[in-house]
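Visitor: Sharing a structure here in structure tokens format.
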Amino acid sequence: MGNNIQIAIDGPAAAGKSTIAKLVAEELGYTYIDTGAMYRAITYKVLERHIDLENEEALTNLLLETTIELKPSNDGQMVFLDGQDVSDAIRSNAITSYVSIVASKASLRKEMVNRQIKMAKRSGVVMDGRDIGTHVLVEAELKIFMSASVDERAKRRQLDNERRGIDSLLSQLKKEIVLRDKMDSERVASPLVQAKDAIYLDTTNLTILEAAKYIIQLAKERMS
Ligand code: C5P
């Protein structure tokens, strides 16, 4: 099998997936792919163009003529939309509120999944999202389904926002997280669900480093 395996990390909003996935990728020398950033990037363009969020064909056609690139940097992963750096812009409250509607469209997802499968072919990879273990990297050697209590996730998101200079109320964050999880779990097209062969990891009482170490240990077992 060699040392290059595929690691799929799925789970609800703000469970720590991207922070932990990044650490795991760094430690293993793997490529990290944040698929949520891709859905956020296309949502940014959809809102900028005032496209009807329910017009699936228009949304999909827009994606077909759009390039989304993910590039590693010292400050984390950078996101480029048609060459423009949108790394910070895609974390805004507006994008966060609309992204699940855009991501619910089956034909748009099909194109995203095709792109993600191609990106994963290049090397050892850690990919995080909602449908990675179920639809994108279905053959991944290691699948994790990561969650944490809603209270803990809202607190983490608030800290994250503070670091980005975004003000947010805890009660509002909780509502936003619950609503987004509901939309992501109840949509018809590849909903958020734990893959049958995924390991469930509750990070409520774990530090980021503890969770990362656990996944790295599992990855090393799968490599040998
Ligand atoms: O991971 P993040 O919270 O940035 O993802 C933003 C949104 O993108 C999710 O709430 C979900 O609607 C969508 N998404 C998805 N499938 C993925 C990754 C993200 O539907 N693989």
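Visitor: Would a scan of the range 77-87 turn up a residue that is in contact (Cβ under 8 Å) with a residue 24 or more places away in the chain, surrounded by fewer than 13 Cβ atoms within 10 Å (Cβ to Cβ) and within 16 Å of the ligand (Cβ to nearest atom)?
Guide: no
Visitor: Further question: Answer yes if at least one residue in the range 170-177 is of a type in the set (Val, Ile, Thr), in contact with a His (Cβ under 7 Å, 6 or more places away or on another chain) and within 13 Å of the ligand (Cβ to nearest atom), and no otherwise.
Guide: Start the filter on the range 170-177 by keeping residues that are of a type in the set (Val, Ile, Thr), which leaves 177.
Filter once more, so that each one left must be in contact with a His (Cβ under 7 Å, 6 or more places away or on another chain): none.
So far as the range 170-177 goes, no, none of its residues is of a type in the set (Val, Ile, Thr), in contact with a His (Cβ under 7 Å, 6 or more places away or on another chain) and within 13 Å of the ligand (Cβ to nearest atom).
Visitor: Give the range 196-224 a look and list any residue that's touching a residue at least 60 places away in the same chain (Cβ under 8 Å) and either among the small types (Gly, Ala, Ser) or in a helix (DSSP H, G or I) (or both), or say none.
Guide: Ala198, Ile208, Leu209, Ala211, Ala212, Ile215, Ile216, Leu218, Ala219, Arg222, Met223
Visitor: Could we say that Ile68 is away from the ligand (no atom under 12 Å from the Cβ) and touching a strand residue (DSSP E or B) at 6+ places or on another chain (Cβ under 9 Å) here?
Guide: Against the criterion (away from the ligand (no atom under 12 Å from the Cβ) and touching a strand residue (DSSP E or B) at 6+ places or on another chain (Cβ under 9 Å)), Ile68 qualifies.
Visitor: Six or more apart or on different chains, Cβ atoms under 6 Å: show the pairs whose first residue is in the range 32-49 and farther than 18 Å from Gly83 by Cα and whose second is more than 10 Å from the ligand (Cβ to nearest atom) and outside any helix (DSSP H, G or I).
Guide: Once the first residue is farther than 18 Å from Gly83 by Cα and sits in the range 32-49, its partners that are more than 10 Å from the ligand (Cβ to nearest atom) and outside any helix (DSSP H, G or I) give Tyr32/Val126.
Visitor: Answer with yes or no whether Thr19 is at pLDDT below 95 and either open to solvent by 50 Å² or more (accessible area, probe 1.4 Å) or over 19 Å from Ile215 (Cβ atoms) (or both).
Guide: Spelling it out, Thr19 is indeed at pLDDT below 95 and either open to solvent by 50 Å² or more (accessible area, probe 1.4 Å) or over 19 Å from Ile215 (Cβ atoms) (or both).
Visitor: May I pose another question? Which one of these is open to solvent by 60 Å² or more (accessible area, probe 1.4 Å) and not polar (S, T, N, Q): Arg163, Arg109? Spell out the reasoning first.
Guide: On the way: Arg109 fails: open to solvent by 60 Å² or more (accessible area, probe 1.4 Å).
Answer to the selection: Arg163.
Visitor: Another one. Within the range 22-35, restricting attention to residues that are surrounded by 22 or more Cβ atoms within 10 Å (Cβ to Cβ) and not hydroxyl-bearing (Ser, Thr, Tyr), which residue is nearest to the ligand (Cβ to nearest atom)?
Guide: Ile33
The values are calculated or read from the model by the stated rules, or taken from the named source; none is laboratory data. Just so it is clear, the model here is predicted, and its values are computed rather than measured. Please note: Cβ atoms are built from the backbone with ideal geometry, for glycine as well, and neighbour counts cover all protein chains shown. The protein model used for the area step is the full one, side chains on, heavy atoms only, and it has no ligands, DNA or RNA in it. Shrake-Rupley method; radii C 1.70, N 1.55, O 1.52, S 1.80 Å.
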